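Heads up, the thing below is written out as structure tokens.
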Amino acid sequence: MSATEQAPGGWVGTALRRREDPRLITGRGTYVEDITLPGTLWCAFVRSPEAHARITSIDASAARERDGVVAVYTHEDMSGDLQGPLPCGWAPEGVEVKAAEHWPLASGTVTHVGEAVAVVVGTDRYGVVDAAEDVVVEYDPLPVVTDPEAALKDGSPLVHEALGTNRSHEWSLGGGDLEAGFAAADRIVERRIVNHRTSGAAIEPRGTLAEDRAGQLTVWSATQVPHFLRLFLAILLGISEEKVRVIAPDVGGGFGSKLQIYGEEVFVAWAATKLGRPVKWIETRSESMMITHHGRDQIADVRMGVKADGTITAFHTKIIADFGAYLMLLTPTIPALGAFVMSGCYTMPAVQTDIVGVYTNKFATDAIRGAGRPEATHMIEILMDQAAAELGLDPLEIRRRNFFAKEDFPAETALGIVYDSGDYHGSLDRLLEHVDLGAFREEQARLREQGVYRGVGFSTYTEICGLAPSRIVGPKGFGLQTGTWEAAQVRVHHTGAVTVYTGTSPHGQGLDTTLAQVVADRLGVDPQNVQVVHGDTSTGPEGKDTYGSRSTAVGGEAVARATKKVADKARAIVAHLLEAAPEDIEVAGGKFAVKGSPDKGMTLAEIAGAAYIPDDLPEGMDPGLDETAFYDPENFVFPFGAHACIVDVDAETGRVNVVRYVAVDDCGPAINPMIIDGQVHGGIVHAIGQALYEEVVYDEEGQLVTGTFADYRLPTAAEVPNLETDRTETPSPVNSLGVKGIGEAGTIAASPAVVNATVDALRPLGVTFLNMPLSPERVWRAIGEAKGA
Ligand code: MCN
């Protein structure tokens, strides 16, 4: 299909090329870095080289004397103007969360390497960096703890003395009779699963520019959450909200790491108001590795009870979640998100997740693509393979025996969560159309004789996304101190061109294209004539931004609902002018036409003309063609799928090479199959990266060992085979589009497939279990240990 050839059903379903791409890939995007206002001042942060220390003195006199330095600030300069510390948005009823105060600039003590201690502001971008080196900070080092288990022990150094403990909180989610479930099991499979710390590693580091012009504060920031940022800037700086405008211009990837209210953003906004001049900060790559939040970092002791035939009787996981030094916007919620889908695709009668959150002297963890759900899927899918091996069952057979059946949907899990729709057997069947398992096993045996260790691994997953239902997510439910609805405005201009304002805020997901497709079908126009505006808090309705794969299932549905209101009004105008009944007007052939008389109709431009020059509108109708909708869904949506990974392992060096990867995903009816493929590709590569290469490492002194892309190994095209993708389409009953999220699905699904494949390859050598990352050294050692065993 060519780039613009419409699918038979309309623009929805068409593999339209991302129309934002020509601009983005030819250097015509506008990132924060591209915006410099006259008189802009730059800032450079003085960051702690210590992981834990008392600040005994800060001497900025030499820095202040440097040419071009306008000011040097510390916490004391700012604190009087701040209405409170940086926010953590989770305060569930009945759970005591011990949150340490977290300020943009350290207050007396530093608790992780890279913590900002002072800032130099000046006229020259490079001059401020030199001046920052002239700021002399004296530290009195304190004992450091980086291991979360050590941090939980009595007598451990305390990250925050004032809290009296390193334990931030405990939280559990369970359902069904766990004890009875384990009592009924023929076997209990137990594993310790370590899900190591990773970085979001977006191609564009963070950056913020702020200008205060006559009391109106405008902030450009590389953020996923401009609406939340405006709200918190207003609250923290004590400025009336309408006087704060936040613009997220083009944002070069976020992967969760820009779903945050960062100290640098607050500082830059504050400094702009203080100095009356624009202030700008652009993060360096090494800062990004150090002080843009990390993800994962969980140790889970997982137990699964199974009958001899593979039926699961109980699933219990105890998670130690390493939060680093501070609870940031969503830090403590991340492991809990995984708890909601700890049943996976399976009819487990009893499930429980117990979480303990721990402070350590590292930077904070928070949402990174998948946010809690990759960790949950990893536990479940690794345990499925481990149980199959212990019971002598086929890994796919054990899955099938426990799947919810297609007829079970909507399916309630033991946790009381209702999965909206699904066909788990269907997606696995589809996967096996691509992967001939019989032929693979023959090839595997043949290769083993030649000393080549090839393995196949599977992951059958479901995830929870479309983050909304406020009644479940909000203060009286899960405990987020916000609503999580979405809003949209659809404005038809005089000429019939359309502008859509969405409260979501994409940073690479292609929403400019897909939301235009949704609108185009409903208004009978070409998507090229539908402009999508996002990421500016002073245009369009309020919004709740982008995370949790919500932009389509929640934001897209809000767009669909606003468009429906416009279409209904258009229908009424056409019916009035053409003397037909509104219910007889349909959108066909680029017109609002009378059913059965395609020639009798009006284009959107003609209707807009009638709406804006209102000399003959239906009785009582207001002029204009411009509608807004707010949408708060009844439930989440639950995408699902089946993935297969084939790897070769070099038994001499331990190197794992992914030779084939096949994914079948289901996110409901595709709006744009090409964009879905792109999202799945990116998601899988993210997980292959975690499984094989990427790891944020701190040493025992709390020094960051992986501070650059030379140490933090992102996979490149050379490490990833051509990914094979296919889809099934099971509509969700939750929204009118039937859609579910796809932005995180690949990442949620893929890591256990890679690990299961590696273990499958190495079973003849006696390796039966591995934790990530599967670095050559770890795999090589495991082979050696198995030989010695
Ligand atoms: N889509 C579709 N048909 C469907 C479902 C989705 O065509 N049935 C399309 C959507 O319209 C959208 C894309 O797929 O163009 C992803 O949609 P959705 O799943 O709703 O996810 P969001 O837009 O809310 O994106 C968030 C999600 C998250 S949480 C992370 S993290 C992430 C991700 O998406 N970060 C990304 N994908 C990313 N992709 C890029 N390039 N960069 C990031 O930082």
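Would you kindly give the portion of the calculated P(r) for region 631-688 that falls above 14 Å, as a percent of all Cα pairs? All intermediate terms of the calculation are to be shown ahead of the outcome.
Values: 1123 of 1653 pairs.
That fraction is 68 percent.
At 222 nm, what helix-only mean residue ellipticity would the chain give, in deg cm²/dmol to the nearest 500, using -39500 (n - 2.57) for each DSSP H run of four or more?
Mean residue ellipticity, 222 nm, calculated: -8500 deg cm²/dmol.
Along region 406-411, what does the Karplus equation 6.51 cos²θ - 1.76 cosθ + 1.60 (θ = phi - 60°) give for ³J(HN,Hα), rounded to whole Hz, x for Gly and Pro?
Result, ordered by residue: 3, 6, 6, 7, x, 10 Hz.
When averaged across all projection directions, what area in nm² does the alpha-carbon convex hull of region 688-789 cover?
Values: hull surface 42.0 nm².
It is 10.5 nm².
Tell me the Kirkwood radius of region 502-549: reciprocal of the mean inverse pair distance over distinct alpha-carbon atoms, in Å.
Kirkwood radius, region 502-549: 11.4 Å.
Order these peptides, 501-509, 756-764, by their mean beta-carbon neighbour count within 10 angstrom, highest first. Present the calculation step by step, with values, prior to reporting the outcome.
Numbers: 501-509: 25.7, 756-764: 23.0.
By packing density, highest mean first, the sequence is 501-509, 756-764.
What are the semi-axes of the equivalent ellipsoid for region 122-218, taken as the square roots of 5 times the Cα gyration tensor eigenvalues, largest first, in whole Å?
On the way: eigenvalues 434, 112, 55 Å².
One finds semi-axes of 47, 24, 17 Å for region 122-218.
How much net charge surrounds residue 29 when only other residues with a Cβ under 11 Å from its Cβ are counted (Lys, Arg +1; Asp, Glu -1)?
Spelling it out: positives minus negatives among the neighbours equals -4.
Tell me which lysines have Cα within less than 19 Å of residue 565's Cα, excluding those fewer than 8 residues away on the same chain?
Reachable lysines: 591.
Send over the Kirkwood Rh of the chain, from the inverse of the averaged 1/r over different Cα pairs, rounded to one decimal Å.
By the Kirkwood definition, the hydrodynamic radius is 27.7 Å.
Cα-Cα over 31 Å: which of 98/318; 274/476; 476/740; 280/564; 258/476; 362/740?
274/476; 280/564; 362/740
Could you compute the FRET efficiency for residue 177 and residue 736, with r as their C-beta to C-beta distance and R0 at 41 Å, rounded to 0.05?
For R0 = 41 Å, the calculated efficiency reads 0.60.
What is the local net charge at residue 396, summed over the other residues whose Cβ is closer than 15 Å to its Cβ (Lys, Arg +1; Asp, Glu -1)?
Taking every other residue near residue 396 into account, the sum is -4.
Distance in nm between label sites at residue 129 and residue 186, each 7 Å beyond Cα in the beta-carbon direction?
6.5
How long are the three semi-axes of the equivalent ellipsoid for region 636-727, computed from the Cα gyration tensor as the root of 5 times each eigenvalue, in whole Å, largest first?
Each semi-axis is √(5λ); the values are 29, 18, 12 Å.
Note down the net charge around residue 187, summing +1 for each Lys or Arg and -1 for each Asp or Glu among other residues with Cβ under 12 Å from its Cβ. Before the final figure, lay out each step's value.
Numbers: positive: 303, 307; negative: 186, 190, 309, 390.
Once all neighbours under 12 Å are counted, the net charge is -2.
At a threshold of 8 angstrom on Cα-Cα distance, excluding pairs fewer than six apart, so keeping six or more, what relative contact order does region 175-230 reach in percent? Could the numbers behind the result be given before it?
Numbers: 22 pairs, mean separation 11.1, N = 56.
For region 175-230, the relative contact order is 20 percent.
Neighbouring Cβ atoms within 10 Å as the yardstick, rank 355, 688, 299 fewest first.
Neighbour counts put them in this order, fewest first: 299, 355, 688.
As an exercise, take the mean of 1/r over every pair of distinct alpha carbons in region 225-379, invert it, and state the Kirkwood radius in angstroms.
17.9
Over region 282-398, what is the relative contact order in percent, taking alpha-carbon pairs closer than 8 angstrom and at least six residues apart? Could you put the intermediate results ahead of the total?
Working: 207 pairs, mean separation 37.6, N = 117.
Relative contact order for region 282-398 comes out at 32 percent.
Using the alpha carbons of region 199-305, what is the convex hull volume per residue in cubic angstrom, as a whole number? List each step's numbers first, then the result.
Details: hull volume 13.5 nm³, N = 107.
With only Cα atoms used, region 199-305 gives 126 Å³ per residue.
How big is the Cα convex hull of region 260-346 in projection, averaged over all directions, in nm²?
Values: hull surface 33.6 nm².
The orientation-averaged projected area of the Cα hull of region 260-346 comes to 8.4 nm².
As an exercise, find the ratio Rg/Rh for region 358-440 from alpha-carbon atoms, using the Kirkwood inverse-distance average for Rh.
Rg/Rh: 1.07.
Taking the Cα centre of the chain as the origin and placing charges on Cβ (Lys, Arg +1; Asp, Glu -1), which of 669, 418, 735 is farthest toward the positive end of the dipole?
So the residue furthest toward the plus end is 669.
On average, how much area does the Cα convex hull of region 436-516 cover when viewed from any direction, in nm²?
Working: hull surface 45.7 nm².
That works out to 11.4 nm².
Report, in cubic angstrom per residue, the convex hull volume of the C-alpha atoms of region 1-154. Don't jump to the answer; show the numbers that get you there.
Working: hull volume 40.5 nm³, N = 154.
Dividing the Cα hull volume of region 1-154 by its residues yields 263 Å³.
Can you give the log10 of the normalised intensity I(q)/I(0) at q = 0.15, 0.17, 0.22 Å⁻¹, computed with Debye over equal Cα scatterers of region 68-183?
-0.89, -1.03, -1.29
So how do 199-208, 357-366 stack up, highest first, on mean other-Cβ count within 10 Å?
357-366, 199-208
From the square roots a ≥ b ≥ c of the eigenvalues of the alpha-carbon gyration tensor of region 501-611, which class results: rounded (a/c under 1.5), prolate (a/b over b/c), or oblate?
The shape class here is prolate.
What percent do you get for the relative contact order of region 619-747 when only Cα pairs under 8 Å and 6+ apart count?
36
Calculated FRET efficiency, residue 83 and residue 450, Cβ-Cβ r, R0 60 Å, to nearest 0.05?
Result of the calculation: an efficiency of 0.30.
Show me 285-296, 328-339 ranked by packing, highest mean number of other Cβ atoms within 10 Å first. Working shown, then result.
Working: 285-296: 22.0, 328-339: 25.6.
Per-residue mean Cβ counts within 10 Å order the peptides as 328-339, 285-296.
Compute log10 of I(q)/I(0) for region 335-475 with the Debye formula, placing one identical point scatterer on every Cα and leaving out solvent, at q = 0.08, 0.19 Å⁻¹, to two decimals.
-0.30, -1.22
Length gain on complete extension for the stretch residue 443 to residue 240, per 0.36 nm per residue less the alpha carbon to alpha carbon distance?
Stretched out fully, the residue 443 to residue 240 stretch lengthens by 66.3 nm.
Read-outs throughout are calculated quantities, based only on the coordinates presented, and are distinct from any laboratory measurement. All of these numbers come straight from a predicted model, not from anything done at the bench. With ideal geometry, Cβ positions are generated from the backbone for all residues, glycine too; neighbour counts draw on all protein chains shown.
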